[in-house]
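A.B. asks: Before I ask anything, here is the structure I am working with.
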Amino acid sequence: MRERGRVGILISGRGSNMVSLVEAMRSGRIAADPVVVLSNLPAAEGLRRAAEFGIPTEVVDHKEVKPRGTHDAAVVAVLKRYEVDLVCLAGYMRLLSPVMVDTFRARMLNIHPSLLPAFPGLDAQRQALEYGVKIAGCTVHFVDEKCDQGPILLQAAVPVLGDDTEASLSRRILEQEHVLYPQAVALFFEGIRSTAV
Ligand code: GRF
């Protein structure tokens with residue numbers, strides 16, 4: 001077991017969860033380092049933010065590299081090249097094929113903006129509002145072949161207020177995401193250490 005873990009972070013958008021993970025690693029709250037930030041979209045805002053942190057960035061454009069299995073195999077190859085111990089999906093808007101899931105089984109986490117198993121899939125915050133739940137939240141779970149259904153590592157709850165809009169609820173959940181995801185990744189590496197022989 002290495003002294004410090006190596007984390008690859010996959011994004012498709014603004015990358016605020018990626019930033020929260022990077023800050024937690026850089027500040028020593030997680031015994032690991034961000035070794036690569038990868039996106040399927042060349043224009044993902046988070047790539048610029050990762051570069052500002054001095055983290056290597058990679059793009060495997062899903063419009064160029066097709067079909068899905070070939071794209072995922074290319075992503076796996078990049079992650080192997082960086083020798084990642086853990087893959088963190090952080091707003092990575094892709095369904096995963098078996099090559100990804102099998103390669104990183106029990107070594108890949110995702111964050112989802114609902115209290116799973118409620119409201120999997122897209123627009124989870126809107127689903128929660130439309131259903132009328134009074135408690136919403138976020139979940140960090142291991143990734144398996146079923147979308148948003150792998151074993152749950154941590155969850156955080158937030159209240160839904162009477163005048164909430166999708167934007168205001170999303171903001172309140174996102175604040176908790178930025179706390180929860182670093183806690184989950186810290187736990188992952190503490191767990192690995194305590195079981196290593
Ligand atoms: C977050 O709400 C996350 O839960 C979901 O996608 C969003 C990504 O936001 N999977 P960001 O790119 O991390 O800011």
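The values are calculated or read from the model by the stated rules, or taken from the named source; none is laboratory data. Because the structure is predicted, anything quoted here is derived from the model rather than measured. No Cβ is skipped: glycine too gets one built from the backbone with ideal geometry, and neighbour counts run over all protein chains shown. All accessible areas refer to the heavy atoms of the entire protein, side chains included, with ligands and DNA or RNA removed. Shrake-Rupley method; radii C 1.70, N 1.55, O 1.52, S 1.80 Å.
A.B. asks: Excluding residues on the same chain fewer than 8 positions from LYS66, give the lysines whose Cα lies under 27 Å from its Cα.
C.D. replies: LYS80, LYS146
A.B. asks: Beyond 14 Å, how much of the Cα-Cα pair distribution for segment 118-161 remains, as a whole percent?
C.D. replies: Values: 476 of 946 pairs.
Result for the distance tail: 50 percent.
A.B. asks: Per residue, how big is the convex hull around the C-alpha atoms of segment 59-120? Give it to me in cubic angstrom, could you? Walk me through the numbers on the way to the answer.
C.D. replies: Numbers: hull volume 6.1 nm³, N = 62.
With only Cα atoms used, segment 59-120 gives 99 Å³ per residue.
A.B. asks: Give a quick list of trypsin sites (Lys or Arg not before Pro) in segment 123-166 that DSSP marks as loop, anything other than H, G, I, E or B, with at most 12 other Cβ atoms within 10 Å.
C.D. replies: For trypsin sites (Lys or Arg not before Pro) across segment 123-166 that sit outside H, G, I, E and B with at most 12 neighbouring Cβ atoms in 10 Å, the list reads LYS134, LYS146.
A.B. asks: Moving to a separate point now. Using a Förster distance of 30 angstrom, determine the FRET efficiency expected from the C-beta separation of ARG107 and ALA43, and round it to 0.05. Each step should come with its number before you reach the end.
C.D. replies: Values: r = 28 Å, r/R0 = 0.94.
FRET efficiency, ARG107 to ALA43: 0.60.
A.B. asks: Alpha carbons only, please: Rg and Dmax for the chain, in angstrom.
C.D. replies: When restricted to the Cα atoms of the chain, Rg and Dmax are 16.3, 53 Å.
A.B. asks: If you take every DSSP beta bridge fully contained in segment 5-196, what fraction is antiparallel? Give it as a percent rounded to 5.
C.D. replies: Approximately 40 percent, going by the DSSP bridge assignments.
A.B. asks: Further question: Suppose every K and R has +1 on its Cβ and every D and E has -1 on its Cβ; what is the size of the dipole of segment 5-196 about the Cα centre, in Debye to the nearest 20?
C.D. replies: Values: 20 positive and 22 negative charges, 58 e Å.
For this selection, approximately 280 debye.
A.B. asks: So what is the accessible area of the chain per residue, in Å², with the probe set to 1.4 Å?
C.D. replies: Working: 9560 Å² over 197 residues.
Using a 1.4 Å probe on heavy atoms only, each residue of the chain averages 49 Å².
A.B. asks: Per the 1.4 Å probe, what fraction of the accessible area of the chain, in percent, lies on carbon and sulfur atoms?
C.D. replies: Numbers: 5260 of 9560 Å².
Using a 1.4 Å probe with all protein chains present, the chain comes out at 55 percent carbon and sulfur.
A.B. asks: Sticking with this structure for a sec: Within segment 9-36, which residues have the backbone N less than 13 Å from the label spot 7 Å out from MET93 along Cα→beta-carbon, could you tell me?
C.D. replies: 11-15
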